[in-house]
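Input: a single structure, listed below in structure tokens.
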Amino acid sequence: MKPLASCLLGVALLLVVPLVHAAPKDELHAAFAKFLAAKSFRASVINANKGETLSQMSFVAPDRYRIDAKGHVSVIVGDTMYTDLGGGRLQPLPVPGVGKIAAQYRNPEFVDEIARGMQVELVGDGSLDGEPVRVYAYTMTQPVKAQCKAWISLASGLPLQVESSGSFMGRASLTRVRYSAYNDPSIHIDAP
């Protein structure tokens, strides 16, 4: 085990050394580790082939989600899901394991997979909606195999966009997730 002083020095170096000095795998690992530490955010899931928004989600740590899938709203608080069964009022709906299903959006195993040797390639620097980003390409193997790209903010070190292309039920798909409002204290999700 490293002495405390060495650990503190390592953390200090991560704060001062720009991303350009790290390997692409380490840079992507750091971005997704930072994502997992976020206290809140918003995300839009888009079918990139059609340009169609599939759902919008808000998250508040540790386990609160609000998902709007084309007007169908669900709120997840821990292992309880509330959904509109008609009439515009959210009602509790028993969905065993809903907490684990929702947690896929913040999967710590993904960060571990990067650390274990996932191949990550630096695509290059660019901008996304005017914000400077660094773009990475990588291949996911779980839960399904997919070719992915991530746009990481150079200012915050957080993912702004992730795209995955793969096949679902024999059909090619391209899904884009856009992230925003990290650690925004105005995001609240309460049980109805």
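The values are calculated or read from the model by the stated rules, or taken from the named source; none is laboratory data. In this text the structure is predicted, and so the values were computed from the model without any measurement. Counting neighbours? That spans all protein chains shown, and the Cβs are built from the backbone with ideal geometry, glycine included.
Residues in segment 175-192 that are at pLDDT 95 or above and of a type outside the set (Ser, Thr, Tyr): Arg176, Val177, Arg178, Ala181, Asn183, Asp184, Pro185, Ile187, His188, Ile189.
Looking at Ala172, Ala150 in this structure, which one is outside any loop (DSSP other than H, G, I, E, B), in contact with a helix residue (DSSP H, G or I) (Cβ under 7 Å, 6 or more places away or on another chain) and either small (Gly, Ala, Ser) or under 21 Å from Leu54 (Cα atoms) (or both)? Break it down stepwise before answering.
Working: Ala172 fails: in contact with a helix residue (DSSP H, G or I) (Cβ under 7 Å, 6 or more places away or on another chain).
Matching residue, one of Ala172, Ala150: Ala150.
Can you confirm whether segment 73-88 contains a residue that is charged (D, E, K, R), at pLDDT 95 or above and part of a loop (DSSP other than H, G, I, E, B)? Please lay out each step first, then the result.
We begin by selecting, within segment 73-88, every residue charged (D, E, K, R); these are 79, 84.
Adding the requirement that they be at pLDDT 95 or above leaves none.
For segment 73-88, residues charged (D, E, K, R), at pLDDT 95 or above and part of a loop (DSSP other than H, G, I, E, B): absent.
Restricting to segment 55-70, and then to whatever is free of Cβ contacts under 8 Å to residues at least 40 places away in the same chain and within 23 Å of Asp184 (Cα to Cα), can you tell me which residue is surrounded by the fewest Cβ atoms within 10 Å (Cβ to Cβ)?
Per the stated criteria, the residue is Pro62.
Evaluate segment 121-134: report whether one residue or more is of a type in the set (S, T, N, Q), under 28 Å from Ala172 (Cβ atoms) and modelled with pLDDT of 95 or more. Looking for residues that are of a type in the set (S, T, N, Q), under 28 Å from Ala172 (Cβ atoms) and modelled with pLDDT of 95 or more, one finds at least one in segment 121-134, hence yes.
State whether the residues of segment 109-126 include one that is assigned to a loop (DSSP other than H, G, I, E, B) and either among the β-branched types (Val, Ile, Thr) or in contact with a Pro (Cβ under 7 Å, 6 or more places away or on another chain) (or both). No, segment 109-126 has no match at all.
The sole residue among Ile101, Ile114 that is surrounded by 17 or more Cβ atoms within 10 Å (Cβ to Cβ) and modelled with pLDDT under 95 is Ile114.
Identify all residues within segment 149-173 that are surrounded by fewer than 18 Cβ atoms within 10 Å (Cβ to Cβ) and either under 15 Å from the mean Cα position of the chain (by Cα) or modelled with pLDDT of 95 or more (or both); write none if there are none. Spell out the reasoning first.
So the first thing to find is which residues in segment 149-173 are surrounded by fewer than 18 Cβ atoms within 10 Å (Cβ to Cβ), and the list is 149, 154-157, 165-173.
Those that are surrounded by fewer than 18 Cβ atoms within 10 Å (Cβ to Cβ) and either under 15 Å from the mean Cα position of the chain (by Cα) or modelled with pLDDT of 95 or more (or both): Lys149, Leu154, Ala155, Ser156, Gly157.
Against the test of being outside any loop (DSSP other than H, G, I, E, B), under 24 Å from Ala22 (Cβ atoms), among the β-branched types (Val, Ile, Thr) and touching a residue at least 60 places away in the same chain (Cβ under 8 Å), the options Val135, Val177 yield a single qualifying residue, Val177. Note on segment 71-88: residues that are free of Cβ contacts under 8 Å to residues at least 60 places away in the same chain and among the hydroxyl-bearing types (Ser, Thr, Tyr) amount to 2.
Of the residues making up segment 89-108, those that are part of a loop (DSSP other than H, G, I, E, B) and either within 18 Å of Ser44 (Cβ to Cβ) or in contact (Cβ under 8 Å) with a residue 40 or more places away in the chain (or both) number 1.
Out of segment 44-70, which residues are basic (Lys, Arg) and either within 14 Å of the chain's Cα centre (by Cα) or within 22 Å of Arg171 (Cα to Cα) (or both)? I'd like the intermediate steps shown before the answer.
Going through segment 44-70, the residues basic (Lys, Arg) turn out to be 50, 64, 66, 70.
The answer is Lys50, Lys70.
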